[in-house]
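**Q** Quick one: the structure is below, questions incoming.
The values are calculated or read from the model by the stated rules, or taken from the named source; none is laboratory data. None of the values given here were measured: they were computed from a predicted structure. As a convention, Cβ positions derive from the backbone with ideal geometry for all residues, glycine included, and neighbour counts pool all protein chains shown. Surface accessibility is based on the protein's heavy atoms, side chains included, excluding ligands, DNA and RNA. Shrake-Rupley method; radii C 1.70, N 1.55, O 1.52, S 1.80 Å.
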Amino acid sequence: MDKNYLQDLLKRYDEGNASEQEKAIVESWYLSFQSEKPSPEIDEEFLRQLQQQSITSLTEHVRGNNKVRKIHRGRFLIAAASVTIALVVGAYKFVNFNNEKRSTAVPQTASAELLPGSNKVTLTLSNGNKVVLSGAKNGQVARDAGTAINKTADGSIAYSSEAGGHQSDEPLFNTATTPRGGQYQFTLSDGTKVWLNAATTFKFPVQFNGTERRVELTGEAYFEVAHDKNKPFRVVSNGQVIEVLGTHFNVNSYADERVISTTLLEGSVKISHNGASKVIKPGEQARLSADKLDVVKVNTDQAIAWKNGMFYFHDANMYDVMRQLSRWYDVDVKFDGSIPDRKFSGGISRNVNAAQLLDLLTFKKINYKIQGRTIVITP
């Protein structure tokens, strides 16, 4: 494929005729290839012709989709002009890489099976019954302890007390479990909103009847906690307790991650572990590693990129990258040989299939092959 293909792709993107995967690829190029240098294969006239088109279309599309991808306007517009040439060069290299070096991957018929994740969750009620919510119709899907559990039009789940419904004096719990390749959103009975990432288990009371609102988490979740000064909201996660009154924060507590991280976007959060505690401010992240609790300043966009439909890496190594891919695409990962210490930075849409994302990573001279539902990384 040549320059005509790139022009056609951007034209269809600009006109709104690109497929979802094509849009994801274009936006991934836009966000990923900031460090690439112009290539002699692409002449200046071609770059000039695409510059205005790509800046206009990408700015409007990505900024217009901020319900899915939250990108700060100022940072985005500053990046727009500088990334345009990198986008074209990255796209050109991506297309030619596919033509010339597809030997590093299996045929598309196999790789196409590794599709991105979607809304999937199993809800275990207080009586032990399980409800698979992924295929459930909108409306009431279950009742538990005088509480209606409803699937809303946007596909999320909301808990609400029923008039005259019996409520137990003892706390009754539900457990939501997302598989690898799954995610889901909940609104708890107090109005708190919770987004669950893949491979996550979240245990919570059907009703918050006591003096606190205590939930348990393994995996990753983003919380928008409803304010209640009389009932602190506490998240118990892998040995630490996070206490808030009403705030927005993200918790990453996967067992296979080296660090348990709590990132604050709004409000105030107190994290406690083994008698030690830290209070963090917006833009800060508490990190628990080897029983040591530290606080650092971070890019909050990176911490919640998954919620906004993106992978976002900053100086991540191949092992860090592949742990995220393994959860989202529901695949196993094997490393064959001595893998070079490459670092990855930038944003990539979570809507592309695994092979397309891996093709982008091969610009760092990392090869791969797909064997069933296993990705093998080779030097």
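**Q** Could you check the spin-label model distance between Asp294 and Glu257? Points 7 Å from the Cα along Cα→Cβ, value in nm.
**A** Output for this residue pair reads 1.6 nm.
**Q** Roughly to the nearest percent, how much of the accessible area of the range 226-379 is carbon and sulfur, given a 1.4 Å probe? Spell out each step's value before the answer.
**A** Working: 3030 of 6680 Å².
The nonpolar share, carbon plus sulfur, comes to 45 percent.
**Q** So how far apart, in nm, are the two label points at Tyr319 and Val241 if each is 7 Å from Cα heading toward Cβ?
**A** 3.3 nm
**Q** Between Asn138 and Lys364, what is the label-point separation in nm under the 7 Å Cα-to-beta-carbon projection?
**A** The answer from the label model is 4.1 nm.
**Q** Hey, can you find the accessible area per residue of the range 180-271 for me, probe 1.4 Å, expressed in square angstrom? List each step's numbers first, then the result.
**A** Details: 3220 Å² over 92 residues.
Using a 1.4 Å probe on heavy atoms only, each residue of the range 180-271 averages 35 Å².
**Q** Here are some pairs, Lys270/Lys292; Lys203/Lys231; Lys307/Lys365; which of them have Cα atoms lying more than 27 Å apart in this structure?
**A** Lys307/Lys365
**Q** Here is a follow-up. Tell me, what is the percent relative contact order of the range 247-379, built from C-alpha pairs under 8 Å that lie six or more residues apart? Display every interim value, and only then the final one.
**A** Working: 218 pairs, mean separation 22.2, N = 133.
The normalised contact order for the range 247-379 reaches 17 percent.
**Q** At 0.36 nm per residue, and after removing the present C-alpha to C-alpha distance, how many nm does the segment from Thr152 to Gln371 gain when stretched out fully?
**A** Details: separation 219, 0.36 × 219 = 78.84 nm, distance 3.81 nm.
Working it through step by step, the gained length comes to 75.0 nm.
**Q** Just subtract the alpha-carbon distance of Asp8 and Lys229 from 0.36 nm times their residue separation and send over the number in nm, one decimal.
**A** So the extension gain works out to 74.0 nm.
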